[in-house]
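Please treat every number below as a calculation from the coordinates, not as lab data. The structure presented is a predicted model; accordingly, all values stated were derived computationally and were not measured. Methodologically, a virtual Cβ is constructed for each residue, glycine included, from the backbone with ideal geometry; neighbour enumeration extends over all protein chains shown.
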Amino acid sequence: MGRRVLLIEDEPNIIEAISYLLSRDGWTVHTHSDGETAMDKVRQGVPELIILDVMLPGRSGYDILRDLRADPQTADVPVMMLTARGQARDRELATSLGATQFMTKPFSNAEVLDSVRALAAL
Amino acid sequence: MISFNLLILVSLGYVAFLFLVAFAAERRAASGRSAWLRSSSIYTLSLSIYCTAWTFYGAVGYAARSGLEFLTIYLGPTIVMIGWWWFLRKLVRIGRSQRLTSIADLISSRFGKSTALGVMVTVLAIVGTTPYIALQLQSVTQSIGIFAAHSGAVWEAGDLNGAAMWVAFGLAVFTLLFGTRNLDASERHHGIVLAIAVEAVVKLFALVAVGIFVVWGVAGGVGPTLDLIDASAQSQWAPVPSRWVGLIFVSGAAFLCLPRMFQVLVVENADERHLSTAGWAFPAYLLFMSLFVVPIAVVGLDLMPAGANPDMFVVSVPLAEGREGLAILAFLGGFSSATSMVIVATLALATMVSNHIVVPGWLNARTPGAVVSGDVRDVVVLARRVSIGLVLALGYVYFRLSGGGAALAAIGLVSFTGVIQVLPAMVGGVVWRGANRWGAGAGLVVGFVVWGWTQFLPSFGVDAALSQAVFDHGPFGLDWLRPQALFGITGIDPFVHAVFWSMCLNAGAFMIVSILTFPNPVERLQGAQFVKIFDYSSGARLWTQSAAQAEDMLVMAQRIIGGAKAQTLFQAEAQSQGKAGFLPDVTPDFIGRLERELSGSVGAATAHAMIGQLTEGTMISVDDLIAVADETAQIMEYSNRLEAKSAEQERTARALREANEKLTALSIQKDAFLSQISHELRTPMTSIRSFSDILREDDLEDASRARFAGIIHDESNRLTRLLDDLLDLGVLESGQVQLNLGHGTLAEVIDRAVMAAGADGGALKVSRRAVNEAVPVFTDLERLTQVFINLISNAVKYATVPEPELRIIVRSLEGRCVVDFCDNGPGVPKESQSMIFEKFSRLEDAGKAGGAGLGLAICRQIMAALGGDVTYLPAQGGAAFRVTLPENVEMAAQ
């Protein structure tokens, strides 16, 4: 039983890609694709790492991040933000809200793996 | 014993000293170190030419004959200096701004630059002043005669006359030398002014010295002097009120009107503020001049033998007491009084004669254009020099003819009354805009005639100019014209009678004629300038468009005001117009300025006439005034336009502000749009990149490899579609879409759309009514099909119910053909209905929709381009869109 990662993302193909990569690296990947219910999913079982997309149906990734950081249960969980809008102010906003890592789409698989491994080592 | 020669020597020495003083002053002024020459004390002292030999010698005689009445001669100017300072200030300001050269110039300039008025005032001034100049010559010879009598020598009358001639000649030389150095008569004559200031000191010093000697040296102190005065007959004489009022009025008016007073008060004034100093200093000077008059008169009467001339007490009393040095000082005081008056009066009169009589006459005698061809400068200088000689010669001749008989004071008063005939025109011209030249001329003529009849002619004595019969019964038996009882009113003092009638009739004629006649335009402008001098800083334009050439003007100006000065003036003007060289555009402003410059040399009327010759007589007329008025109207219109323009600018600014706000909003939209596109492009690329990375690995199962390649393929298609849509939308939005019009039917278009959307034979049931669809259309069939595909695809994607159905209904609505697409899906939430036609507005999750959210935006753009519309139909039990076809599509089937 590997370590648990929660991937909150709405693009099916991206979910499949990341799931494939991380499973092979020994992670147990849980996925969720709805923003509105994302927090419930997190609280069901706090993962060791959360990968969070910004543009989600129902609720923005930033709002979810804010909730995560406000909840003592999840405040310390490393969060890697994914966004397709790679502008500087998106990065700043994510950092200020407490994102541990910020990654712009498209990313290489090596980048994702390196980041995830680094975050897991924390 | 003082010899005649010694006296002459002293006189000559004194005159030489005055020459030196004047010469030094001119030198200093020329070298620019003349600040003290322009001081208020010099100005105040120069005013003392009011005190002539008449006041120096004559006041004592006057006191001996009439008691305190002599004081009126001092009270008049004192009242003017203190009470009429506002008027003096106005005169000085006008004099400077109009560059007036004389009182004749003032009157002429004020009343339309009239040559005739200038001549009249000049003649009046000559008639009034010549006896006065004669008086001065007489007083000098009389005082020399006193020395002669004292020394026991009997001099020939010829000697005295010769002395008078030499004095006149010397004064002429002095005035020539220092009075015509500057052609510009409106400029100060530093040499002359300083010389008369020195003389002012000498005469005051001499009179006070004699006074002190008389009081303390002869009478034995203040107490005994007062006792003597009390005991004298003079102290018993009660003043006659009417004479006092008349005398104070005449002397005050004369202070303003005498040509020589105007010369020092206005023309030679360097600074308006000097008036405030002179306002108290000059009355103080007069006080000292009058302080010892009564003691000298009383002591003289007491001391001297009966029959001695009281007019000469100032010299004869010291002589009788053996104080020859003091007598010589007194003589020099009287000499100073006489010479300073003669010099300034001659200068003033000569300026008037040359500017108002000689030069205009010369101009008239020449053909037009003479101001350019002739050498005006020389003519003007020559005219002024000749005039100086003439005026002094006239004074000398008068002196010889009158034989020195009449008492000095009497001549003085007659002169005064004659000269003050200018007063109504002068005061009226400065304070009353309604005054005009006809009124001024009438007043001057009436005043002059009345004065001549009631005072001047009678002053020669009974049976001299007028016979006893005329005195008693009037001319030709006309009783009411008796010279000293006009209109049958008798019992008035002859002097008061003359002053009263001449002034009343003069002022009356001036006012009545002014009211009854109309001023010409130049007068109106000048009147406004004079009366409202403190509101105007520069002159109003008197010249309008002119044919004059700048070059002619320069030639003329050089001849009149001198080469360097004229060139400087022209160059400065050219420079201010932004031109190089010496020839500016001849603007009305410039002509006006040039005229004022010239008038400083030759007087207003002559300058006006000269310019008139050059400008081919384009003197201002009513038409010009109308032009000026038009110009004013244009300026007002222009200002209105400016106002309108500024309102327009405000509107423009507001529009710009709004546009800017719109642009800012658009820019924000553009940012959002780019950000959205970025997201839409990056999302498929993420998948493509990630799976292509995985595909490069070796140990991959074939099934996975095929699957991942399929994903890459799909995402590539998605990218291509997105780019197509974006480009399509760009073209549509820019309005540059190329429509490919063709004929067809709605049925065909719908058929194709259903097929392309993949709704044919799928889960979605499409229900149509073929009868209604048989509508011929002429439009871009491809584009219309594209719209229908989009709408049907949406139904395929979003109608997520167990038995999805799409109804396509064609019908006519208000004359337009409409096609409704209604599905039985969940529909569009109310809050989203207004947004679905915006770019990137996608409902719910992207994965299911498979598009970038551009479809409906493209649909709306296409329908707009075709001339139709697409809208969302709410409350249809699902999602419902209505396409309104272009107007040219007719419903044939119904």
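Summarising the amide proton neighbourhood of A:Arg59: residues at separation of 5 or more, or on other chains, whose placed amide H is nearer than 5 Å comprise A:Gly35, A:Glu36.
Is the shape of segment B:737-893 rounded, prolate or oblate, going by the alpha carbon gyration tensor and its root eigenvalues a ≥ b ≥ c, with a/c under 1.5 for rounded and a/b larger than b/c for prolate? Here segment B:737-893 falls in the prolate category. From the square roots a ≥ b ≥ c of the eigenvalues of the alpha-carbon gyration tensor of segment A:3-120, which class results: rounded (a/c under 1.5), prolate (a/b over b/c), or oblate? Here segment A:3-120 falls in the rounded category.
If R0 is 45 Å, the Cβ-Cβ spacing of B:Leu20 and B:Tyr638 corresponds to a FRET efficiency of close to 0.15. Among beta bridges from DSSP that stay inside the protein assembly as shown, the antiparallel ones total about 50%.
Take every DSSP beta bridge whose two residues both sit in segment B:737-893, then give the antiparallel share in percent to the nearest 5.
Roughly 85 percent of the DSSP beta bridges within segment B:737-893 come out antiparallel.
Its Cα gyration tensor gives the protein assembly as shown an equivalent ellipsoid; the semi-axes, largest first and in whole Å, are 120, 36, 26. A Förster distance of 60 Å, applied to the separation of the beta-carbon atoms of B:Asn5 and B:His473, puts the FRET efficiency at 0.65. Taking amide H as placed 1.01 Å from N in the peptide plane, the amide H of B:Val870 sits under 5 Å from that of B:Thr884, each at least 5 places away or on another chain. A straight line joining the Cα centroids of segment B:806-826 and segment B:61-131 runs 108 Å. Our helix-only sum for chain A, with -39,500 (n - 2.57) per DSSP H run of n ≥ 4 divided by its residues, gives a mean residue ellipticity at 222 nm of -12500 deg cm²/dmol. Take the Cβ-Cβ distance between B:Ser834 and B:Gln575 as r, set R0 to 56 Å, and report the resulting FRET efficiency rounded to the nearest 0.05. Computed FRET efficiency for B:Ser834 and B:Gln575: 0.20.
Taking a ≥ b ≥ c as the square roots of the eigenvalues of the Cα gyration tensor of segment B:649-779, is the shape rounded (a/c under 1.5), prolate (a/b larger than b/c) or oblate? Because a/c hits 1.5 or more and a/b fails to exceed b/c, segment B:649-779 counts as oblate. Extending 7 Å from Cα along the Cβ direction at B:Asp698 and again at A:Arg117 yields two label points whose distance is 2.0 nm. A cut-off under 15 angstrom between Cβ atoms defines the neighbours of B:Arg682, and their net charge, with Lys, Arg +1 and Asp, Glu -1, is -3.
Within the set of other residues whose C-beta is less than 14 Å from the C-beta of B:Leu444, count the net charge using Lys and Arg as +1 and Asp and Glu as -1.
Local net charge: +2.
Peptide packing: for A:87-98, B:276-287, B:445-456, the average count of neighbouring Cβ atoms within 10 Å per residue gives the ranking B:445-456, B:276-287, A:87-98, highest mean first.
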